[in-house]
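Novice: To start, I am sharing the structure in question, which I have written as C-alpha cells.
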Amino acid sequence: MLLWSRRIFQLAAVATGALYANGALADSKICGQKGGDLIFGMEAKFSTLDQHANAAHSTRNIAMNVFETLMTRDENMSPILDLAESLDISADKKTYTFKLRPNVLFHNGKPLTSADVAASFERYKRVGVDRSALDGIARWETPDPQTFTIVLTAPRATFLESISASTVPIVIVPVEEASAAATHLKPIGTGPFELVELVPDSHVKLKRFDKYVPNAKHKEISGFAGHKEACLDTVTFKALPEPGARTAALEVGEIHAVEDVPTLSQKRLAENKDIKLVRLKNAALNVTYPNQSASPTDNVKVRQAILAALDMEEIMEAATDGAFDLNPSFQFPGQAYYTEAGKELYNQRNPEKSKKLLAEAGYKGEKVTLLTTRDIPRAYTTAFVMSEQMKAAGINAELLVLDWPTALSISMNETKGWNFFFTGWITVTAQGGAQSLRNLADPSNVHKPKDNKSDPIFMEAFQRIANGETLEERKKAFADAQARALDQVMAFPFGSVPKIQATRANVEGYKPFFNTRVSNVWIKR
Amino acid sequence: MSSRTVSETPAGVVARKYFWRGRIARRLMKHRSFVIGAVLCTLVLLVAIFAPLIAPTDPNRMAIRFRFQPPSWDFPLGTDNLGRNLVSRVAYGARLSLMIGLGVVLLNAAFGVLLGALAGYFERLDGFLMRLSDALMAFPSILLAIGIAAALGASATTAVIALAVVYIPRTARILRASVLVVKEQEFVQASQAAGASHGRILFRRILPNCMAPLIVQLSFVFAYAVLSEAVLSFLGLGAPPTTPSWGILISEGRSYIREAPWLTIVPGGAIAVTVLGLNLLGDGLRDVLDPRVKMDGA
Amino acid sequence: MRAYAIKRILQAIPILMLVSLISFGIMQLVPGDPASLLAGPNATPAELEQVRINLGLDKPFLTQLFIFYGNLLKGDLGHSLLLGKPVTEAVFERSPVSISIALYSLVLTVIFGLAIGVLAAIRHNTWVDQIATSFALIGVSLPNFWLGLVMIVVFSVHLGLLPTGGYVPFTRDPMGWLVAATMPAVSLALMQIGLLARLTRSTMLEVLSQDYIRTARAKGLSEIRVIAKHALANVMIPVVTVLGMILSVLMSGSVIVETVFAIPGIGSLLGNAILGRDYPMIQGGLLFVAAVLLTLNIVVDLLYAYLDPRVRVR
C-alpha cells in the first residue's frame, strides 16, 4: 500500500468539513497577539529570491514565507498538500489530479488558477534546479481553473516524493511572471507574507499579506504547509555575518531571533532568562565524498584504508566545538529510512587495518588532496582534522583550501586535482529515501565514478528505493544501498549536527525546522 | 595608503651623492623613529626566522582537550578551537606575513622600477604606460587585489602577485617622477653627449640617483602588504590556512571573539606592531634620505 | 584653466576603456562560475549546463565582451546574475550608503586629522606633540577590520552603546543612521586621520619656519591669528590633494569594513560580486566605481590647479 494513498487524501478532505467549524477558534489560538516587527538575525547574505533557480539555504529561509507549493513536505518530511485541497490518483497510478484550494490570492491580487500552476511547472522545467523531479511526466493539463492534472508515462511509486521535495521547491507563481529568465523572477507568491524590500547583504523585509486565507484543514504549521498565519505586521531578516555580533545583537535585544547560535555561546544564552534556545536535533549531515576518478582514490582499497583510519568522534568534536551526534547512516535517526547497515565501517579507528589495506592496494605515498573551503568553517575543520588523522596513519594527505565558488566548481567540473570534497547534506538528507542518496546515483553522481556510471550494485538497490512498492521493500533497499555505499566508500557521514537557534523570551510560536518559518510566530507584549 | 603621501617629485638630488655612504647610516642611527622602527622590525624578523625554536609545538598540532585555553603559564598566548598553541601559530604567522610582504616589495620594486624608468626615460612609452597605470589606479585597490587573487586561485604566491600589481603603478609613478628630474641633470646630459647607450645612461647614471624615494616608498609598500595580506586572508583569498598567516588567525578567531578574544586580539596586535615598525622605519628613511618632505620624527 | 580641464576629461576616456578591459580579462580567468553556485552542490552536470545557458555563460569571451559594450552604449550595464536586478539599479541603491559613510568619515578625518596635526605642530617637541604623533602613527598601523571587530566587542557587546551592525538610511532616520554609521565610519577614518595628521603637522612645521610667519610674529600679531590667518591657509594646498585621495579611498567603499558591519554599500556589493562570480555586476560595478573615482581625481586636480597656478603649466 502506498504511504500516501488516495484514501488518506480523501479522508483528509472529509475531515476538512469537521474542522472548519473550529477554524475561527484555531485562528485566535495561533496568534496570541497580532502586530509588531520581528527582526531575525541571519548568517548568510541574501541573493535573488527566485526559488526555482536558486538552491541556496538562505534563499529558502526567506522565499518559503512568500511562496507556496502545490505539495511539499510536512514536519516529518512526508508529502503534504499545500495549495491543493485534494489529490486523486487514478487506478493505473498514472494520472494525478489536484484540486486547488479555493480563494487563494497572489500578492498582486489575482486569484490562483490551474493556469498559474501549469505555468510554474513549465518554468521549473525550464530553469528549475531540480528539474529532474519532473522526469517521467507525459504531460500536464488544466481541465478547469481549479483542477491540475499530471499524467505520467509509467507508474512511479516515488513520484509524489519527487515533486514535493523541499530542497528547491516548485513554488507557484502567477502565469504572467512565469516567463522570467532564471534568477529574474519577481517574488510574487501566495504565502502569508509578501515582500516589501530586499537589500542584498543587508536585509529583507516582509509584511503580512492581508488577503491570505489560512488552510483551515490543519491546525498547525507543518513543514512549509499546514495552517499558516501572519501574526506579525512585518518581519525583517537582517544579515549579521559575524557570529559574535549576531549573538550579541540578540542579547542586547537589538534583534528577536538568530538563525544559528555558536556552540560556545549556548551555555551563556541558556542562562539568560530573556532568551529561549530552540533546538533542531538533526539539522545537517556532515559528509565527504571521494573522487573515484583521481589517483589514488580510484582504488577502492585506498578509500577503505582511509575510512578505516578515521576517528569520527574527534573529527566531529573539533568541527562542531562539541555539539554533535555520531551517526553511521545517510539518514538522521528517527527518519523512516534510517538504518545502521554498514555501521561496522563507520568510526573504525583502526590504523592496523588501514595499513594492511594500504599495503594490499600498493599505496606508495601518493598525495591525497582534501578539497575544502574556509567559507564553511565546519567543512574546513572536518577536512583539517581528517587530514591530520590520515597523516598519522601514514597517508600523504594534503589540504586544498579554496573559496567556496572555486572549490564547489572544481568538485563539480573536474575529475583531477582533488580526492575528497567536504560538504553538509541538509535538505537532501531530511527528504529521506531516494532523495537522500540521489547524489551517489546516476545521473547526479558527485563522486566521479568511472565513465560517469555509479556502482551497479548500488544502482540496483537505488532503483528499488525509488520504485519499491511498499515502504518495507524500500527500507530494505535503502539499507542495501547504504551498506554498499559505505563498503565502496562512495561517500561517508562523519556525524549529524544540530541546529541551535535562539529567540527573545517574548517570541512565541517559533518552531525549529530546516528553514526559517515566520508564520504563526508572534511577539508577546 | 601611507605611501602616496610620499612626494612624487624627487628631491635633494645633491644628497644622493652621499647615499650609500656611512654618513647616512650615522644620521639614521641618530633618528629616533628609525631606531624604534628598526628595533620593532628586527624583533619581528627574529621571531619569523627562529619560529621553529620559539614554537613549543608544531603550529598545526591539535589537542582537542586543551582547546580554548586562555593565556596562562602553560599557553602564554592561549589555544584555539582545535587546541593549537597560539605562540606557535603567531610565530609561524610572522614567517608567512613577512614573506608575503617581502615578496610584494621585491616584485613591486622590480616592475615599478622597470616601468617607471621606461616611462620617465622614453617619452614615447610615457603616454601609454601612464594611462595603463591610471587605469589600474582607478580600481579601488583592495577590489583589484581581490579580483586578481580570485582569478589566480587562493595561495600565498597569488596574494603576492595580486598585492604587487595593485601597488606597481604607484611605485612606477614615483620612480618616473625621479627619472624625469635626474634626466635633466648635467652629468646625464654629459653622458648622452658622450654617446653612451640608453641602457648605460638609464641603469648606471639615472637609476642609482633615484634610489632614495624608492626605498622610502618600498618601506611603506611593505607595511601596506602586511595589512592587505590580512584582508585577503580574512576574505579567504590569501595563503592556505594550513600555513597560518596573521590574517588567517584573525579570520579563524573572530568566530570566537566573545568567548576567546585572545584569538583575534593577539594576531591583530602582531600586525599592528609590524606595521608600526615599518612605518617608523619609513619615516626615518624619508627624513634622512628624502629631506624635502620632513616628517621629523626625531 | 579650461584647456587643462578638457585635457583631463579627454584622458579619462581611454582609461575607462582599459578599466573595463582589465576587469573583463580578470573575470575570464576566475575559476568557478555563478552557475554552480546557483545550482548548488547537488545539481547534475546537465542541470548545471542548463543554468549556464540560462545565464548566457556558454557564449565565447569576445561575444560576451561585444554584448557588454553594445549594451554600454545604450547606457545599460547589464543584469546581475545573483541579485536578479539591473546592475545600474543595484549600484544606485548601494552608492548612497557608501557615500554617506564616506562623508561621515571624511568629516571625522578633517576635524581630527587637522586638529591633531596643527596641535602637534604648534606644540612642536612637547609632550602634546609626542602624544599626537604617536596617535597618528598608531592610526595608520592598525588593520581597520580588526579594529572594527574589537570595537564591536567593546561598544556593542560589553557596553551596549552602539548596534553591532547593519545600516539605517539617513533619509529614513537621521539619528538611527548616526548611531549605526559611527563604528564603521570610525574604523574607516582612523587610518585617514593618521595620514592627514602627519601631513598637516609636517606641512605646518615647514610653513611655520617660513620668513613671512616670522615677520607676522614680529609685527606682534597674536599666535592664534598667525596660525589661523597665515599658516593654515598655506597648509590647505597639500591638504586638499590628500583629502581628494582620502575621499576616493572612502568612496569606493571598504569591502572589509562593510562586511564586518553588515553594511550594504558598494564595497560589499562588488566584493560579494567577485566572490560570487556575478560577472555583469563586477563588470558594470567596477566601471561605475572607476568612473566615479576618476571624476573625483579630476575635480581634485582642477581644484589644486586653481589653488596653485604652477600646476597648470606642467
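Novice: Answer yes or no: is there a residue in segment A:253-266 that is over 30 Å from residue A:449 (Cα atoms), touching a Phe, Trp or Tyr at 6+ places or on another chain (Cβ under 8 Å) and in a helix (DSSP H, G or I). Steps first, please.
Specialist: As a first pass, look at segment A:253-266 and keep what is over 30 Å from residue A:449 (Cα atoms): A:253-266.
Next, only the ones that are touching a Phe, Trp or Tyr at 6+ places or on another chain (Cβ under 8 Å) stay: A:255-259, A:262, A:264.
When the remaining residues are screened for being in a helix (DSSP H, G or I), the result is A:264.
Yes, there is a match, as at least one residue in segment A:253-266 is over 30 Å from residue A:449 (Cα atoms), touching a Phe, Trp or Tyr at 6+ places or on another chain (Cβ under 8 Å) and in a helix (DSSP H, G or I).
Novice: Residue check: is residue A:286 touching a Ser or Thr at 6+ places or on another chain (Cβ under 9 Å) and either surrounded by fewer than 19 Cβ atoms within 10 Å (Cβ to Cβ) or not hydrophobic (A, V, I, L, M, F, W, C) (or both)?
Specialist: On the way: touching a Ser or Thr at 6+ places or on another chain (Cβ under 9 Å): yes; either surrounded by fewer than 19 Cβ atoms within 10 Å (Cβ to Cβ) or not hydrophobic (A, V, I, L, M, F, W, C) (or both): yes.
In short, yes.
Novice: Now for a different question. Can you name the condition, by its number, that residue C:92 falls short on among (1) crowded, with 21+ Cβ neighbours inside 10 Å; (2) under 22 Å from the mean Cα position of the chain (by Cα); (3) within 14 Å of another protein chain (Cβ to nearest Cβ)?
Specialist: (1)
Novice: Failed condition for residue A:396, given (1) surrounded by 20 or more Cβ atoms within 10 Å (Cβ to Cβ); (2) in contact with a strand residue (DSSP E or B) (Cβ under 9 Å, 6 or more places away or on another chain), with all others met?
Specialist: (1)
Novice: Oh, and also: Report those helices (runs of 4 or more DSSP H) wholly inside segment B:177-272 carrying at least 1 residues which are within 26 Å of residue B:52 (Cα to Cα) and of a type in the set (Gly, Ala, Ser). Let's see the steps before the verdict.
Specialist: Numbers: elements: B:186-193, B:211-234, B:246-253.
Filter on segment B:177-272 gives B:211-234, B:246-253.
Novice: Also, I was wondering about something else. Output the strands (runs of 3 or more DSSP E) that fall wholly within segment A:109-227 and possess 3 or more residues being touching a Ser or Thr at 6+ places or on another chain (Cβ under 9 Å) and closer than 26 Å to residue A:90 by Cβ, or say none.
Specialist: Counting at least 3 such residues, we get A:137-144, A:147-152.
Novice: Further question: Do you know which residues across segment A:243-252 are surrounded by fewer than 24 Cβ atoms within 10 Å (Cβ to Cβ) and outside any loop (DSSP other than H, G, I, E, B)? Let's see the steps before the verdict.
Specialist: In the first step, residues of segment A:243-252 are kept if they are surrounded by fewer than 24 Cβ atoms within 10 Å (Cβ to Cβ); the result is A:243, A:251-252.
Listed by number, the residues that qualify are A:243, A:251.
Novice: Residues of segment A:223-237 being under 26 Å from the mean Cα position of the chain (by Cα) and over 16 Å from residue A:29 (Cα atoms), which ones?
Specialist: Result: A:223, A:224, A:225, A:234, A:235, A:236, A:237.
Novice: Please state which of the following conditions residue B:117 fails to meet, knowing it meets all the rest: (1) within 14 Å of chain C (Cβ to nearest Cβ); (2) of a type in the set (A, V, I, L, M); (3) within 23 Å of residue B:215 (Cα to Cα).
Specialist: Evaluating residue B:117 over (1) within 14 Å of chain C (Cβ to nearest Cβ); (2) of a type in the set (A, V, I, L, M); (3) within 23 Å of residue B:215 (Cα to Cα) leaves (1) as the failure.
Novice: To continue, here is another question. For segment A:492-519, how many residues are on the phi > 0 side of the Ramachandran plot, part of a strand (DSSP E or B) and modelled with pLDDT under 95?
Specialist: Applying the first criterion (on the phi > 0 side of the Ramachandran plot) to segment A:492-519 yields A:495, A:509.
So of that shortlist, the ones also part of a strand (DSSP E or B) come out as A:495.
Those still in the list that are modelled with pLDDT under 95 too: none.
Qualifying residue count, segment A:492-519: 0.
Novice: Let me ask you something else. Of all residues in segment B:255-289 being of a type in the set (D, E, K, R) and buried (at least 24 other Cβ atoms within 10 Å of the Cβ), which is nearest to the other protein chains (Cβ to nearest Cβ)?
Specialist: First, pick out the residues of segment B:255-289 that are of a type in the set (D, E, K, R): B:258-259, B:283, B:286-287.
With buried (at least 24 other Cβ atoms within 10 Å of the Cβ) added as a condition, the list becomes B:283, B:286.
Values: B:283: 8, B:286: 10 Å.
Of everything passing the filter in segment B:255-289, B:283 is nearest to the other protein chains (Cβ to nearest Cβ).
Novice: Something else: Using the structure shown, decide if residue C:116 is surrounded by 15 or more Cβ atoms within 10 Å (Cβ to Cβ), at pLDDT 90 or above and either within 30 Å of residue B:227 (Cα to Cα) or more than 14 Å from chain A (Cβ to nearest Cβ) (or both). Full working, then the answer.
Specialist: Values: surrounded by 15 or more Cβ atoms within 10 Å (Cβ to Cβ): yes; at pLDDT 90 or above: yes; either within 30 Å of residue B:227 (Cα to Cα) or more than 14 Å from chain A (Cβ to nearest Cβ) (or both): yes.
Yes: the conditions hold for residue C:116.
Novice: Here is a list of conditions, (1) of a type outside the set (A, V, I, L, M); (2) more than 13 Å from every other protein chain (Cβ to nearest Cβ); (3) closer than 25 Å to residue A:496 by Cβ, and residue A:377 meets all of them except one; can you say which number that is?
Specialist: (2)
Novice: On to the next question. Go over the candidates C:141, C:156 one by one and state the one that is under 22 Å from residue C:114 (Cα atoms), within 11 Å of chain B (Cβ to nearest Cβ) and either touching a Phe, Trp or Tyr at 6+ places or on another chain (Cβ under 8 Å) or hydroxyl-bearing (Ser, Thr, Tyr) (or both).
Specialist: Details: C:156 fails: under 22 Å from residue C:114 (Cα atoms).
None of the others qualify; the one that does is C:141.
Novice: What is the residue count in segment C:11-38 for residues that are more than 9 Å from chain B (Cβ to nearest Cβ) and farther than 15 Å from residue B:143 by Cβ?
Specialist: 7
Novice: Would you mention how many residues in segment A:31-62 are among the hydrophobic types (A, V, I, L, M, F, W, C), away from chain C (no Cβ under 11 Å), more than 20 Å from residue A:424 (Cβ to Cβ) and crowded, with 23+ Cβ neighbours inside 10 Å?
Specialist: Total meeting the criteria: 2.
Novice: Scan segment A:45-72 residue by residue and report those that are touching a strand residue (DSSP E or B) at 6+ places or on another chain (Cβ under 7 Å) and among the basic types (Lys, Arg).
Specialist: Residue satisfying the conditions is A:45 alone.
Novice: Only one of A:148, A:193, A:106, A:98 is aromatic (Phe, Trp, Tyr), away from chain C (no Cβ under 14 Å), buried (at least 18 other Cβ atoms within 10 Å of the Cβ) and within 23 Å of the chain's Cα centre (by Cα). Can you tell me which? Talk me through it step by step, then tell me what you get.
Specialist: Numbers: A:148 fails: within 23 Å of the chain's Cα centre (by Cα); A:106 fails: within 23 Å of the chain's Cα centre (by Cα); A:98 fails: within 23 Å of the chain's Cα centre (by Cα).
Criteria check complete, one pass: A:193.
Novice: Can you tell me which condition residue B:236 does not meet? The list is (1) of a type outside the set (Lys, Arg); (2) over 19 Å from residue B:160 (Cβ atoms); (3) at the interface with another protein chain (Cβ under 9 Å from one of its Cβ atoms), and all the others hold.
Specialist: (2)
Novice: State yes or no: is residue B:222 aromatic (Phe, Trp, Tyr), surrounded by fewer than 21 Cβ atoms within 10 Å (Cβ to Cβ) and either more than 27 Å from residue B:172 (Cβ to Cβ) or more than 7 Å from every other protein chain (Cβ to nearest Cβ) (or both)?
Specialist: no
Novice: Give all pairs with beta carbons closer than 8 Å in which a residue from segment C:217-242 that is surrounded by 12 or more Cβ atoms within 10 Å (Cβ to Cβ) meets a residue that is of a type in the set (Val, Ile, Thr) and at pLDDT below 75; count only pairs at least 6 apart in sequence or on separate chains.
Specialist: The qualifying pairs are C:242/B:5.
The values are calculated or read from the model by the stated rules, or taken from the named source; none is laboratory data. Bear in mind the structure is a predicted one, so any value in this text is a computation, not a measurement. For neighbour counting, all protein chains shown are included, and Cβ atoms are generated from backbone atoms with ideal geometry for every residue, glycine included.
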